[in-house]
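Below is the structure I would like to discuss, written out as structure tokens.
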Amino acid sequence: MKDRVEKLRRFLDQEKMDGYLIGNEINIQYFTGFLGGTRLLVPKEGACTLYVPTVNYEAAKEYVRNVEMESIRIGEDVNNKVASQMKRLGFGLIGFDSMDASTYLKLREVMEDAELKPASKLIWSLRRVKDEEEQRCIRKASELTSSGMKRAFEAVKVGLRERELASEIEYAMRRNGSDGTAFDTIVVSGVRSAFPHGGCGDRQIANGDLVVIDIGAKYQGYCSDLTRTIVVGDTSSKQEALYQIVLSAQNKAMRQIKPAVKASIVDAKARDLIQKHGYGEYFVHGLGHGVGLEVHEPPTLKPKSDENLEVGNVLTVEPGVYIPDFGGIRIEDTVLVRKDGYEKLTRAPYSLQV
């Protein structure tokens, strides 16, 4: 965590900033390892200060190191305490990641001789590249996610409700060590499988249904993301053909993944293949997204992305085809960008029929 603060300070020096105020709780977690702080003040030099509500203060003392801590009592305005500290330190130019309008106006009023500058890109320039500790956590999250998919393949059957299958998956991940889910589990079957973010409902899985299962475990705050599409019972020739198209699109895109490659090129490889087979209009989302403390982070694999991949990026590759009144197919894995290409972190069979 200390290394991350020092990297941020190097950016502050480059930008001629006196300090940086972090208000996003996930960004606070990134720098402290603790989820539950309200503000983190990072001066260019000297100790950082973490402002924590009283209800979380004892937990913060247990987990947080290398920062000073201020307890915020019920009814106390954290902005007044932060402003007093920044004035005491003589801050002139202060970067920040995010804050609501009322907080901005309040701080600007109190800090009348200082300038507040939005600078969330400084944080994302760090968070988009995962260090060794982050990679360790995402590997474990991916292992737990894969255990959930293993359970899905074991438990799925005709007559089982979508939400019942989701509960089996989540229990398996929790039992094996997950802190929770990275997002709401998706289990959609039959014509509902054409809804990319369809959640899970009371529909009973029927013989021959396409079933899209999109799951993610969390470990020490870090996420993973994995999707498979299966059919319980008999498959149709159209289902089998579509599955091979989507799987081929994923494989073609993955072969492009390496440092310095444009994210848009990776997306294009999958999109062009699906388009060539006549299903381009049914691929309705980007090919993938970064994964870390949040399940959607930079870089983003999409047609107009101007981002380049870097060693240490963790991202999903998830082509899909969704045909209304028929169903959908999505195949997704979480991968790590390495010097020589990529490493697949999630593991599950590529098998349409179970």
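Only the coordinates and a few stated rules stand behind these numbers; no lab work does. If you're wondering where the values come from, they're calculated on a predicted model, not measured in any experiment. Note: ideal-geometry Cβ built from the backbone for every residue, glycine included; neighbour counts use all protein chains shown.
As I understand it, the dipole of the chain uses +1 on the Cβ of Lys and Arg and -1 on the Cβ of Asp and Glu, about the Cα centre. Which of M1, P303, S237 lies farthest toward its positive end?
S237
Next up: Quick one: if you stick a label point 7 Å off each Cα along the C-beta vector at V354 and D202, how many nm between them?
Going by the 7 Å Cα→Cβ label model, 2.3 nm.
If you place +1 on the Cβ of every Lys and Arg and -1 on the Cβ of every Asp and Glu, how big does the dipole about the Cα centre of segment 2-127 come out, in debye to the nearest 20?
Details: 19 positive and 19 negative charges, 66 e Å.
About 320 debye.
While we're here: With charges only on Cβ, +1 for K and R and -1 for D and E, what is the dipole size of segment 153-227 about its Cα centre, in debye, rounded to 20? Don't skip to the answer; put the middle values down first.
Details: 8 positive and 11 negative charges, 17 e Å.
Around 80 debye, computed over segment 153-227.
Now for a separate question. By count of other Cβ within 10 Å, fewest leading, how are T145, T49, T54, T227 ordered? List each step's numbers first, then the result.
On the way: T145 32, T49 19, T54 11, T227 22.
If I rank by nearby Cβ atoms, fewest first, I get T54, T49, T227, T145.
As an exercise, use a Förster radius of 30 Å and the Cβ-Cβ distance of I265 and V55 to find the FRET efficiency, rounded to the nearest 0.05. Could you put the intermediate results ahead of the total?
Numbers: r = 48 Å, r/R0 = 1.59.
Between I265 and V55 the formula returns 0.05.
Would you work out which of G23, L210, L35 lies farthest towards the positive end of the dipole of the chain? Charges go on Cβ: Lys and Arg +1, Asp and Glu -1.
Of the options given, the answer is L210.
So if R0 is 45 Å, what FRET efficiency would Y63 and K238 give, r being the distance between their Cβ atoms, rounded to the nearest 0.05? Display every interim value, and only then the final one.
On the way: r = 53 Å, r/R0 = 1.17.
Efficiency at R0 = 45 Å is approximately 0.30.
Go ahead and estimate [θ] at 222 nm for the chain from helices alone: -39,500 (n - 2.57) per DSSP H run with n ≥ 4, summed, over the residue count, rounded to 500. Don't skip to the answer; put the middle values down first.
Working: 10 runs with 131 residues, N = 354.
Calculated at 222 nm, the ellipticity per residue is -11500 deg cm²/dmol.
With θ taken as phi - 60° and the coefficients 6.51, -1.76 and 1.60, list the Karplus ³J(HN,Hα) couplings across segment 294-303 in order, rounded to whole Hz; mark glycine and proline as x.
10, 7, 10, 9, x, x, 10, 8, 8, x
What is the distance in Å between the Cα centroid of segment 214-230 and that of segment 240-291?
20
If I take R0 = 35 Å and measure r between the Cβ atoms of D272 and A101 in this structure, what FRET efficiency does the formula 1/(1 + (r/R0)^6) give, to the nearest 0.05? Don't skip to the answer; put the middle values down first.
Working: r = 43 Å, r/R0 = 1.23.
After rounding to 0.05, the efficiency reads 0.20.
When the dipole is taken about the Cα centre of the chain, and only Lys, Arg (+1) and Asp, Glu (-1) are charged at their Cβ, what size is it in debye, to the nearest 20?
Working: 50 positive and 51 negative charges, 150 e Å.
It comes to approximately 720 debye.
Please report the net charge: other residues with Cβ closer than 9 Å to the Cβ of A152, K and R +1, D and E -1.
Details: positive: K150, R151, R228; negative: E154, E168.
That works out to +1.
Another question, if that's okay. Under the rule of at least 5 residues apart or a separate chain, name every residue whose amide H is placed under 5 Å from the amide H of E115.
Hits under the 5 Å cutoff: L93, I94.
Could you state the number of Å between the C-alpha centres of segment 305-339 and segment 1-38?
29
Given the peptides 326-333, 239-246, arrange them by the average over their residues of other C-beta atoms within 10 Å, most packed first. Please report the intermediate quantities before stating the final value.
Details: 326-333: 24.1, 239-246: 18.4.
Highest mean packing first, the order is 326-333, 239-246.
With 10 angstrom as the radius, rank Y279, Y350 by how many other C-beta atoms surround their C-beta, starting from the fewest. If you can, show how the numbers build up before the last one.
Values: Y279 19, Y350 12.
With the sparsest Cβ surroundings first, the list reads Y350, Y279.
What distance in nm separates the simple spin-label points at K87 and S248, each placed 7 Å from Cα in the Cβ direction?
Simple spin-label model gives 6.8 nm for this pair.
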